[in-house]
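The values are calculated or read from the model by the stated rules, or taken from the named source; none is laboratory data. Here the structure is a predicted model, which means the values were calculated and not measured. All Cβ positions, even for glycine, are placed from backbone atoms using ideal geometry, and neighbour counts span all protein chains on display. Just so you know, the surface numbers come from the protein's heavy atoms only, side chains and all, with ligands and any DNA or RNA stripped out. Shrake-Rupley method; radii C 1.70, N 1.55, O 1.52, S 1.80 Å.
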Amino acid sequence: MNSLQLPCGIYDETLPEDLRPLREFSQASDASYSFVYYGSINSTNDTAKSGDYPAETVIIADAQVNGRGRFTRDWYSPPGVNISMSIALRPADDVPAAALSLLNTAASLAVSRALRAETGLDVWPKWPNDVYIGTRKTGGILSESIILGGRVLRLIIGIGINVNTPGFPAGLKDKATSLTLETGMTYSRGQLIASILREFDQCRRCAPGHVISEWTGMSKTIGSYVYVAGQCGIARALNEDGSLVIALENGEAVTSSGITIAPCH
Amino acid sequence: MEINDIKELIELIKETDITELRYEKDGMRISLKRGSSTPPADPPAVKVPVAEALVKDTDENVNYLTVKSPIVGTFYRSSTPGAAPLVELGDTVRKGQALCIVEAMKLMNEIESEVNGVIVKIFHENGTAVEYGEPLFQINPL
């Protein structure tokens, strides 16, 4: 497995052309990220977890053999057309594990912001870890942390985005979309990744209230009918710990954190 | 749990002074709160204290160390569904070895051992909801 490290903006012919904007991005004076590029690996999250990468390293793969959604749900991603990346972070010593959910929220906000800016599409974050255009999923966040003795040693934010996928298999057609399917245009993955990282840098330094407020304004999850453990309700708000506040039809309020939600009306 | 069970729970709460109830079974969690359904518009930044994930027991298991959950979430013994548990009772573990996953809001938190030792107690079944500070493992340090 050969990797191409780009901390100093090293140019290499093996880097796909549409990822080359990352070379300039990594050389920019305000850029704090280093990049490691793989042609094909099992998953960028697994690589980020198993390797002893310095903080702020971004693992990028042209193709993931074993890309996965939450708890290994299949993620359809042909090689060379989509974004498969993981941002490896080393949070400060005093960052509590309970605060990680907010970073996850910040990541989905950053992806939505960046894709909106680059495509003009109405991209929105769907609770808890997806990115949607209309009623179809175009991306997802799968984050993992390593905690020892109550301290967060590492946080890995995995991001997958359907960018230039020309079409989906029959079973996914109604559920998934890509940027190119929405606009008919082809996008530079390098430019999108640079935009996502710029937005993430901003979002993760924002006050929690600001992240939640902007996420709430952008997400169609808020205000939508949801089905929670046998009852219908309306998602009302996002808590700082990442849980949803749901108003049930009988007037009671429920905090949902560990259950799946689905539309009921 | 069916819809009638939830309704029954709600009715039961109404007849008491209870303002909040949490119910957990088979990985499903229901939390009921009485009062306003509208949260604060702009939640203040709250700093949650870092859990002391490894503490010495003070009673009969004086030499054992307890690994506690640093967050509220769902306890998983393996890293992916269907995979073998990361550790079993009686296993010798190294410092830094992964013991379990606690999932919180789709964020997978891998909890590592802080010491070399032998697992002498596993407190929860796979898929159990755990609270902040709840014991997960007891380890006899080597």
Requested in this report: Over chain A, consider all pairs of different Cα atoms and compute the Kirkwood hydrodynamic radius from their mean reciprocal separation; express it in Å, one decimal.
Outcome: 19.0 Å
Report summary line: With -39,500 (n - 2.57) per DSSP H segment of 4 or more residues and division by the full residue count of chain A, the 222 nm estimate, nearest 500 deg cm²/dmol, is -7500 deg cm²/dmol
Query raised in the report: What percent does the relative contact order of chain A come to when contacts are Cα pairs within less than 8 Å and at least six residues apart?
Result: 16 percent
Query raised in the report: In degrees from 0 to 90, rounded to the nearest 10, what is the angle of the helix A:100-119 Cα long axis to the longest principal axis of chain A?
Result: 70 degrees
Query raised in the report: In whole Å, what is the distance between the alpha-carbon centres of the range A:134-159 and the range A:171-211?
Result: 16 Å
Report summary line: Here the whole-number average of other chain Cβ atoms within 10 Å per Cβ of A:138-147 is 5
Report summary line: Between chains B and A, total accessible area buried, probe 1.4 Å, no ligands or nucleic acids, nearest 100 Å², roughly 4000 Å²
**Report entry** Highest average packing first - A:125-135, B:77-87, A:105-115, Cβ atoms within 10 Å
**Finding:** A:105-115, A:125-135, B:77-87
Query - Shielding by other protein chains, B:68-76, mean Cβ within 10 Å - result: 5
Query raised in the report: By how many degrees, between 0 and 90 and to the nearest 10, does the Cα long axis of helix A:208-218 differ from the longest principal axis of chain A?
Result: 80 degrees
**Report entry** Accessible area per residue in Å² at 1.4 Å probe, computed on chain A
**Finding:** 40 Å²
Query - Peptide A:97-105, shielding by other chains (average Cβ, 10 Å cutoff) - result: 6
